[in-house]
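Inspection log for the structure reproduced underneath, given as C-alpha cells.
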Amino acid sequence: MGNNTDHHFEAIVIGAGMSGGWAAKELCDHGIKTLLLERGRNVEHLKDYPTTNMQPWEFPHRGNIPYAVSEANPVVSRCYAFREDAAHFFVKDTEHPYIQDQPFDWIRGYQVGGKSIMWARQVQRWSNFDFEGPARDGFAVDWPIRYEDLAPWYTHVEKFIGVSGNKDGLDVLPDGDFLPPFEMSCVETHFQDVIRNNYADRHLIYARCAHITEMRDVFRKQGRTLCQGRNLCQRGCPYGGYFNANSTLIPWAQRTGNLSLQPHTVVQSILYDDQSGKATGVRVINALTKETTEYYAKIIFVNAATLNTNLILLNSTSGRFPNGLGNDSGVLGKYVAFHNYRAHVQGIYEGHQQFRTDGGRPTSGYVPRFRNVYRQEMDFLRGYATGFYSSKHKAISHRGMGPELLDHLTHPTGYGPWQVSAGMMGETIPKVTNFVRLDEARTDEWGVPLLRMNISHDDNDERMIQDFFEQFSEMFAKAGFNQVTTHDSGQAPGLDIHEMGGVRMGRDPQTSMLNQWNQMHACPNVYVTDGACMTSVSTQNPSLTFMALTARAANHAIDQLKEGAI
Amino acid sequence: MKRRQALQSLAILGAGLTILPSCRTKKYPEYRALGLKEDQIELVDQVATAVLPVGQLPVETPESRLDFIMTMLRDCTSPEDQSRYKNGLEAFQSYLKDQFHPSFSTLNQRDQMKALAYLQEGDKDQQLFYEHTRRWAIQHFTTSSYYLTNVLDFHFVPGHFYGCVVI
Ligand SMILES: Cc1cc2nc3c(=O)[nH]c(=O)nc-3n(C[C@H](O)[C@H](O)[C@H](O)COP(=O)(O)OP(=O)(O)OC[C@H]3O[C@@H](n4cnc5c(N)ncnc54)[C@H](O)[C@@H]3O)c2cc1C
C-alpha cells in the first residue's frame, strides 16, 4: 500500500488519454501536484511505437488481422484502423467485455495516450449554431455555455497541438489559430467551385487537422517537427508530426515535476464524504495484481472517455448518492448520443484526367453542415457535415495468369479515373431512451460491474440519411461525377467513435449533472470534461471541443483551489 | 492440484495425438498445424510460380513467397476455407496423377497453363485453392519493395503533397 503521504495529491485525473492529458498538463503548469491514473500500460513517445518505421512488406500478414483474432473480437475488428500496424493500441473485445442490449461497437484504447494515438486528427470548432441547437430545436437541455465562452480555449488548445487549416470565414465553422494548409487536390478545387456556383449556403473546405505544417517555438519545446505526410499516424509518429497526448501533454506535464503518472491502475469508483459534501479520492485496483488502494485529492477530473466515465460515476455509490455520484437528477448514464456515420456516396470522375496528386497529406475535404442552420427547414432535426475524399490510382489489371499476369501487374495502363466519395457525419439527438447502465450481477476481471448499452439510431437519423443521399447525389451529378452510388453501411452506433453524453452539462441541477464549468452540481470538486459532459453532439469531430472544455475547466479548478473554494 | 496437472498432461497428450498424424512435414514445421504434406506444400509453391512467374526480378521480401502463402493460409483463413483449400489441392494432385504428369514443375509452360485452366474450371474447392494461391502470390509481389518503388509511386516518407500535377 505504501506510506500514506504517497497517497495524497492536490488533484487526481482519471484517464491519461486526450482529455485527461489536457487536464494534467494545465494543472501541472500551474503548480498543482497531480496524480494521473491510467488503467492501461505506459506508452512513451517514440520508444513504444514498435511498428512506426515498418515498411509495408515487413508486416507478416501485410496489414491483415489474423482470422482467430477477428473471430474472437468482432467489435474492434469492425474499426477501420484495427489493422496489423496498430492493433496493439486497441482494446480487444475479450479484454474488457460489456453487454449490448442493443448493438453498440465500443472502440477503446487503454494506455497512456488513450485513443489519441490512433485518432484521425480532424479538429473543427463548434459554432453558436451548435451550442444554441438544443434550446432552439427543443431537445436535450440548453447548453450552459456559448461559443464565446469556449473560443479563447479553442485557441489555447490549437496553439499547443498545432492545427493546419484555412481561414474560411464561415459562421457555421469558426476559424482558429491555424498553421498553413496542405494543398487541395484538383478535384477538391473543382468540386469546391461547383458547390460555390450552385449553392449559396454550401462550402467545401480543407478539413482542419492536428498536424504541424510550420515550426513554432512551442513545438520545438515539445520536441516535435513537421508532418511528412506519411499517413501512418495510427502507429505513432517518429516526427511527432500529429498531436497525440504521448508526444505533447504527458511529457510536458512531467517536465514540470508536478505529475505522478501511474499506469496499470483501474479506477473503480470515486470516494465521497458525507460530512464535507465533497469527493475525497478514488478507489483503484492494480490492473496486474488486482490489489485495491485508495488515493486522495482536493479535486478530481474524470476523463476515462465517455462511457467509462459513465461507468465509474454509476459505480460510485454512497449513502448520499445511491444511484451514482452526483446523480440527484437521475440523468446519469442517459441522453447518450453519437455521430451517424452510416452513409456514403461514391462515384468516379473522368475529368482532370491529365492530373494526379503527388506525395501524402493527412486530411481531406470537408463540407460543413448546411441543413437547418438558420432555421428549421427539413423534415428532420439538425444536419450533417461531410468528409469529401478524392484519389487517383494507377490502372493495373489483375487478369490472366503466367507471363501475361506478370506483364499486367508490371505495366500499368496509365491512371484510372478519380475515385470520389462523401461520408456523412450526422448529428444525433440525445434521448432519455439512449442510455447505459450497470449490470446488476456480472463484473469484469477487476470486479467492476459490466456496462450495458442501450443506444440506437432513430427515425430522425433515417430521414437525414435519405437527405444526404439525395443532396450528395445531386451535388456529385452537378460536378460531373459518374457512376454515383449510395451506401448505407447499417453500422451500429459506436463505430463512429464519437459517443458522447450521459453526464451532461446544463443550467438546472434537476435535469443535468454538470454546471457551466464542468463541475458536478452536487459535488463541486469533481469535474467531468471528456465526451460524457456533452449536452448535444453537433456534427463536428468532437475531440477539439473536449480538449478546450478540459483546459477551461482545469483553469477554473485552479482558481477555485487557490481561492479555497473547493 | 495433482488432478489438474494430470488433466493438463492428458490434454497435452491428446493434442499431441491429434497433431501427430498430420505432422507429415518435417521440412516446414511452422505449418504443421495445416496438416499438409511436404509435396503438397511444394506443389503450392509451384502453382504460385506458374501463376505469377516473377523470374529474375529482384523481389526482396523478408519471407519467401511460399512462406507468405502458407502464413496467410495458416493465420488469415477460416478453418472451413483451410480445409476447402486442402481439398482443392488434393483434387489437383489427383488430376495431375490422372494425366500422368509426374510433377507439375517439370511440365512445360503450356501444360502448366492447361493444368491451371483446369483448376479454374474445377469444383468450388479447386477454384478456392487456385484463387487464394493466386491472390496471395499477387499480394506478396505487389507489396514488395521492388514493386512499390518501381511500379507504383510509393514513398515511405513523402515529405510533400502536390494536389495537381500533370501526369
Ligand atoms: C480510429 C479513430 C479515429 C478517430 N478520429 C477522430 C477525429 O478525427 N477527430 C476527433 O475529434 N476524434 C476522433 N476520434 C476520437 C478521439 O480519439 C476521442 O474522442 C478522444 O481520444 C477522447 O479523449 P478522451 O480523453 O475522452 O478518451 P481517450 O483518449 O480514450 O482516453 C481515455 C483514457 O482513460 C483510460 N481509462 C478508462 N477507464 C479507466 C479507469 N476506470 N481507470 C483509469 N483509467 C481509465 C483509458 O485507458 C484511456 O487511456 C477517433 C478515435 C479513433 C479510435
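The values are calculated or read from the model by the stated rules, or taken from the named source; none is laboratory data. Predicted, not measured: the structure shown is a model, and the values here were computed from it. No Cβ is skipped: glycine too gets one built from the backbone with ideal geometry, and neighbour counts run over all protein chains shown. SASA here: full protein model, heavy atoms, side chains in, ligands and nucleic acids out. Shrake-Rupley method; radii C 1.70, N 1.55, O 1.52, S 1.80 Å.
In segment A:188-229, how many residues are of a type in the set (Gly, Ala, Ser), under 20 Å from A:TRP252 (Cβ atoms) and within 14 Å of chain B (Cβ to nearest Cβ)?
Residues in segment A:188-229 being of a type in the set (Gly, Ala, Ser), under 20 Å from A:TRP252 (Cβ atoms) and within 14 Å of chain B (Cβ to nearest Cβ): 0 in total.
Here are some conditions: (1) polar (S, T, N, Q); (2) modelled with pLDDT of 95 or more; (3) open to solvent by 60 Å² or more (accessible area, probe 1.4 Å). A:SER473 meets all but one. Which one does it not meet?
All conditions are met except number (3).
Going through A:THR357, A:THR386 one at a time, which residue ends up being assigned to a strand (DSSP E or B) and open to solvent by 20 Å² or more (accessible area, probe 1.4 Å)?
Exactly one of A:THR357, A:THR386 is assigned to a strand (DSSP E or B) and open to solvent by 20 Å² or more (accessible area, probe 1.4 Å), namely A:THR357.
Run down B:VAL151, B:VAL165 and say which single residue is in contact with a strand residue (DSSP E or B) (Cβ under 6 Å, 6 or more places away or on another chain) and either facing chain A (nearest Cβ under 9 Å) or modelled with pLDDT under 95 (or both).
Exactly one residue qualifies, and that residue is B:VAL165.
Looking only at residues that are within 14 Å of another protein chain (Cβ to nearest Cβ) and open to solvent by less than 60 Å² (accessible area, probe 1.4 Å) in segment A:83-92, which one is farthest from B:LEU148 (Cα to Cα)?
A:ALA87
Count, please, the residues in segment A:519-541 that happen to be in contact with a His (Cβ under 8 Å, 6 or more places away or on another chain) and either of a type in the set (A, V, I, L, M) or without any contact (Cβ under 8 Å) to a residue 60 or more places away in the chain (or both).
Of the residues in that region, 2 qualify.
Looking at (1) farther than 19 Å from A:MET547 by Cα; (2) in contact with a helix residue (DSSP H, G or I) (Cβ under 6 Å, 6 or more places away or on another chain); (3) within 16 Å of the ligand (Cβ to nearest atom), can you tell me which one A:ASN231 breaks?
Just one mismatch for A:ASN231, condition (2).
Test B:ASP45 against the stated conditions and say whether it is of a type outside the set (Gly, Ala, Ser) and either open to solvent by 60 Å² or more (accessible area, probe 1.4 Å) or within 14 Å of chain A (Cβ to nearest Cβ) (or both).
No.
Do the conditions hold for B:THR133, that is, is it surrounded by 16 or more Cβ atoms within 10 Å (Cβ to Cβ) and within 9 Å of another protein chain (Cβ to nearest Cβ)?
So B:THR133 fails the test.
Is it true that some residue in segment A:329-344 is assigned to a strand (DSSP E or B) and of a type in the set (S, T, N, Q)?
yes
From the residues in segment A:282-315 that are closer than 30 Å to A:ASP496 by Cα and away from the ligand (no atom under 11 Å from the Cβ), which one is surrounded by the most Cβ atoms within 10 Å (Cβ to Cβ)?
A:ILE300
Collect the residues in segment B:119-131 that are touching a helix residue (DSSP H, G or I) at 6+ places or on another chain (Cβ under 6 Å) and touching a residue at least 24 places away in the same chain (Cβ under 8 Å), keeping them in residue-number order.
B:LEU119, B:ASP125, B:GLN126, B:LEU128, B:PHE129, B:TYR130
Quick one: in segment A:414-426, which of the residues that are within 12 Å of chain B (Cβ to nearest Cβ) and in a loop (DSSP other than H, G, I, E, B) is least open to solvent (accessible area, probe 1.4 Å)?
Per the stated criteria, the residue is A:GLY416.
Answer yes or no as to whether A:SER489 is more than 10 Å from the ligand (Cβ to nearest atom), open to solvent by less than 10 Å² (accessible area, probe 1.4 Å) and hydroxyl-bearing (Ser, Thr, Tyr).
no
With (1) more than 8 Å from the ligand (Cβ to nearest atom); (2) under 29 Å from A:GLY169 (Cβ atoms); (3) not in a helix (DSSP H, G or I) as the list, and A:TRP153 as the residue in question, which single condition is left unmet?
(3)
Restricting to segment A:93-126, and then to whatever is open to solvent by 40 Å² or more (accessible area, probe 1.4 Å), more than 7 Å from the ligand (Cβ to nearest atom) and farther than 18 Å from A:GLN491 by Cβ, can you tell me which residue is nearest to the other protein chains (Cβ to nearest Cβ)?
Here the answer is A:THR94.
When you check A:ARG41 against the structure, is it more than 14 Å from chain B (Cβ to nearest Cβ), within 10 Å of the ligand (Cβ to nearest atom) and among the basic types (Lys, Arg), yes or no?
yes
Taking the options A:ALA81, A:ALA23, A:ALA11, name whichever one is within 16 Å of the ligand (Cβ to nearest atom) and part of a loop (DSSP other than H, G, I, E, B).
Step by step, each of A:ALA81, A:ALA23, A:ALA11 is checked, and only A:ALA81 is within 16 Å of the ligand (Cβ to nearest atom) and part of a loop (DSSP other than H, G, I, E, B).
Which one of the conditions (1) open to solvent by 10 Å² or more (accessible area, probe 1.4 Å); (2) more than 12 Å from the ligand (Cβ to nearest atom); (3) among the β-branched types (Val, Ile, Thr) does A:ILE558 fail to meet, given that it meets all the rest?
Of the numbered conditions (1) open to solvent by 10 Å² or more (accessible area, probe 1.4 Å); (2) more than 12 Å from the ligand (Cβ to nearest atom); (3) among the β-branched types (Val, Ile, Thr), the odd one out for A:ILE558 is (1).
Consider only pairs whose beta carbons are under 7 Å apart and that are at least six residues apart or on different chains; among these, list those whose first residue lies in segment A:394-407 and is more than 9 Å from chain B (Cβ to nearest Cβ) and whose second residue is β-branched (Val, Ile, Thr).
Here the result reads A:ALA395/A:THR413, each pair linking segment A:394-407 to a residue that is β-branched (Val, Ile, Thr).
Do you know which residues across segment A:344-363 are closer than 30 Å to A:CYS237 by Cβ and within 12 Å of chain B (Cβ to nearest Cβ)?
A:PHE355, A:ARG356, A:THR357, A:ASP358, A:GLY359, A:GLY360, A:ARG361, A:PRO362, A:THR363
Is there a residue being surrounded by fewer than 22 Cβ atoms within 10 Å (Cβ to Cβ), among the aliphatic types (A, V, I, L, M) and in contact (Cβ under 8 Å) with a residue 60 or more places away in the chain anywhere in segment A:62-74?
Within segment A:62-74, not a single residue is surrounded by fewer than 22 Cβ atoms within 10 Å (Cβ to Cβ), among the aliphatic types (A, V, I, L, M) and in contact (Cβ under 8 Å) with a residue 60 or more places away in the chain.
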